[in-house]
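Trainee: The structure under discussion is supplied below as structure tokens; questions concerning it will follow.
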Amino acid sequence: MSDDVQEIIISPADQRAGLAKAHVVGDDPIAQSSAIQEIDHGLNQLFAKHQAIAPPYNPEQMLLLFEHSNALRQNIDAYATNIDGYGHRFEPYLDWDDEETVEVMRRAIQHQKLVERQEKDPTIEDAAIDDIPEPSDAEVDAAIEAALKESRIERQRLEEWFETCADQVSFVELRRRTRTDIEITGNGYWEILRNAKGDVAQFIFLPSWTMRILPMGKGAPVEVQDRVRAPHLDFEEVPRYRRFRRYIQVIEQRTVFFKELGDPRTMSARTGKFYDDLKQLKREEEHEEYASEVLHFAVHSSRSVYGIPRWVGNLLSVLGNRQAEEINFLYFENKSVPPLAVLVSGGRLSGDSVGRIRDYVEKQLKGKGNFHSVLVIEAEGDESSGMLGQAASQMKIEIKPLTDAQLKDSLFQGYDERNMDKIGMGFRLPRLLRGDIRDFNRATADAALEFTEGQVFAPERQAFDWQINRRIMPMLNARWWTFRSNGPTRANPMEYVEMIEKLKGVFPPHVLQQLAEEAFGRDFPDLDAVWTQYPLPVFLEMIRAGLITAVDEDTPGDWEVDDVLEGDEPHETPTAPAAPEVGEEPDPEAPPPPPPTPAQARKRIGLALRKRYPKRDLTKLADLVEALQSEMDSRASRRLAKGQREDPDAQL
């Protein structure tokens with residue numbers, strides 16, 4: 001009998017009862033399981049050779065689980081996209097529109113003078129700042145102007161630096177790769193490269209599965225100069241003592257050593273040994289490769305120097321889903337219930353019939369050319385199957401379909417779905433962010449996204465931003481700007497537009513611009529003109545009142561609300577012709593008096609408003625707008641009444 005046909009052995013008693021032998025046609029060997037196996041390329045031996053600390057979970061094994069899991073990728077991709085996929089921006093360290101900034105700058109000037117004195121005389125204490133006179137307003141204004149100019153140059157430098165700081169990829173892509181590594185293995189690594197001047201020049205992504213941490217040395221702590229922000233708005237170096245770790249990378253059978261970011265010592269990249277300086281390294285070693293620095297990101301674990309992936313608590317769910325997927329897949333290759341059975345009673349199939357059935361099923365059942373082909377089955381009756389003295393029973397052949405016993409759908413669907421939910425809960429992500437839009441509408445989707453943004457993504461961005469602002473930005477000497485990661489727009493842009501439309505009479509345009517930038521996720525050109533500093537209704541009423549003649553900030557028509565309230569005249573105004581004496585006839589040939597200048601108009605309107613509305617607090621925006629509107633209505637009424645007196649037939 002062919003190897004492709006398996007015979008099920010039955011007992012002699014069954015044979016005497018006339019039962020036919022069962023033959024399985026079209027059977028293949030059972031496929032090997034594709035479950036993840038332990039892979040070791042000799043890395044563990046090399047790491048152990050250098051006494052590297054073993055991580056709690058094998059990073060390469062975690063990566064293989066991620067690649068074969070049907071639930072991990074969507075969660076980790078959601079983290080990488082929403083935390084690191086929207087880019088970054090630079091925010092000013094000081095709010096130049098805030099009045100408090102003037103006082104901050106005033107104190108900064110005092111601290112700077114104190115620092116200059118302490119450099120000359122180290123015995124001067126910080127309390128001596130009380131003896132330093134406060135700088136004048138002119139000195140503060142000059143310092144602010146200089147800081148603004150410096151900040152503009154600094155921002156351009158930072159934008160250009162971050163545009164090219166990652167090797168061959170964008171900074172956003174570098175962050176996404178690092179986030180993926182952090183969420184899969186619990187760890188992420190950047191190599192920090194410096195230029196000849198010692199300044200940070202570039203970031204290199206290091207795959208986490210190739211990295212290990214070496215034990216901390218037993219020597220004394222190392223003194224470092226930590227750059228921190230000082231009260232005089234500049235960085236100063238503060239001496240501190242720290243212990244640093246070393247890192248080792250093994251890739252393609254090559255070993256490289258790194259030192260921790262901020263370690264000032266000279267270390268060999270080939271041997272991991274420390275030297276007094278670079279000259280000693282060159283004398284002692286042939287290759288003269290000094291180690292660069294590593295910035296280590298990790299999901300914190302109290303029991304290990306490594307990070308631990310946040311999904312490790314659902315490891316059994318990940319493995320269970322994989323096994324369920326394998327069982328469902330192997331069903332198509334090795335299904336346990338055939339589609340039909342050939343039943344023979346009162347006889348048996350001949351050897352030729354078994355071969356014909358096998359050939360028919362495997363070769364002649366497929367294709368449209370065999371659509372009307374006929375299968376002929378031959379069987380032999382069993383004469384010994386009857387009772388003593390009776391004729392043998394009639395032989396019957398039946399083809400019985402077994403489709404009702406076959407599985408109609410995949411197994412373990414409920415188990416698989418529940419495991420996916422548990423894994424998603426481990427990441428604290430709703431189904432919507434995992435690609436499942438069932439049972440979601442606009443309201444529930446917005447609520448889920450708002451919760452996830454506030455509870456998951458925003459805190460992770462803040463943690464990353466702290467690393468950049470605390471460890472990288474001081475090395476870039478960024479005094480006036482801070483690094484901030486962008487996030488998704490948290491509301492429908494049309495809702496922002498409606499809100500801006502309602503607030504345009506309350507806030508000036510430069511404030512509304514900030515709302516528009518947040519709504520559309522982009523920066524707009526700064527609004528510096530005078531008219532952008534005040535709400536539009538106030539500005540329009542000033543134009544109608546003749547308080548301003550142009551909207552250009554460079555014209556002498558510039559005004560301030562305080563000028564209207566106080567009746568000040570900040571600009572020089574031409575002298576108007578003298579009024580005629582009492583009883584003196586006006587000269588008909590004299591030129592008409594010139595129209596009031598903006599300063600004169602401000603003074604007149606200011607005095608008139610205070611006389612007409614003495615009980616209103618005109619320093620409040622709402623009262624000022626209402627007073628201006630009332631004054632304009634009153635003037636319009638008087639002009640209308642005057643026109644009706646001159647022309648009684650005039651109509652409204």
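Trainee: Of Lys113/Lys218; Lys113/Lys149; Lys49/Lys279; Lys49/Lys422; Lys218/Lys282, which sit over 31 Å apart, Cα to Cα? The partial results should precede the final answer.
Mentor: Working: Lys113/Lys218 43 Å; Lys113/Lys149 21 Å; Lys49/Lys279 28 Å; Lys49/Lys422 39 Å; Lys218/Lys282 25 Å.
Beyond 31 Å: Lys113/Lys218; Lys49/Lys422.
Trainee: Whole angstrom only: what separates the Cα centroid of the range 66-95 from the Cα centroid of the range 192-267?
Mentor: Between the Cα centre of the range 66-95 and that of the range 192-267, the gap is 25 Å.
Trainee: Here's a follow-up. In what sequence, highest mean first, do 205-213, 179-187 appear when ranked by Cβ atoms within 10 angstrom? Could the numbers behind the result be given before it?
Mentor: On the way: 205-213: 22.1, 179-187: 24.9.
Order by mean packing, descending: 179-187, 205-213.
Trainee: Continuing with this model, one more query. Highest mean first, how do 75-83, 63-71, 137-145, 239-247 rank when packing is the count of other Cβ atoms within 10 Å averaged over residues? Provide the component values of the computation, followed by the final result.
Mentor: On the way: 75-83: 20.8, 63-71: 18.2, 137-145: 13.4, 239-247: 15.1.
Result, highest mean Cβ count within 10 Å first: 75-83, 63-71, 239-247, 137-145.
Trainee: Going by Cα centres, the range 417-456 and the range 148-185 are how many Å apart?
Mentor: Value for the Cα centre distance between the two parts: 29 Å.
Trainee: Given the convex hull over the Cα atoms of the range 40-128, what projected area results after averaging over all orientations, in nm²? If you can, show how the numbers build up before the last one.
Mentor: Working: hull surface 55.9 nm².
The orientation-averaged projected area of the Cα hull of the range 40-128 comes to 14.0 nm².
Trainee: Right, next: What does the highest-first list of 44-52, 303-311 look like by mean Cβ count within 10 Å?
Mentor: Details: 44-52: 14.4, 303-311: 19.1.
Most protected by this proxy first, the peptides run 303-311, 44-52.
Quick note: the coordinates plus some simple rules give every number you see, no bench work behind them. Since this is a predicted model, take the numbers as computed values, not measurements. FYI the Cβ positions are ideal-geometry reconstructions off the backbone, even for glycines, and counts take in every protein chain you see.
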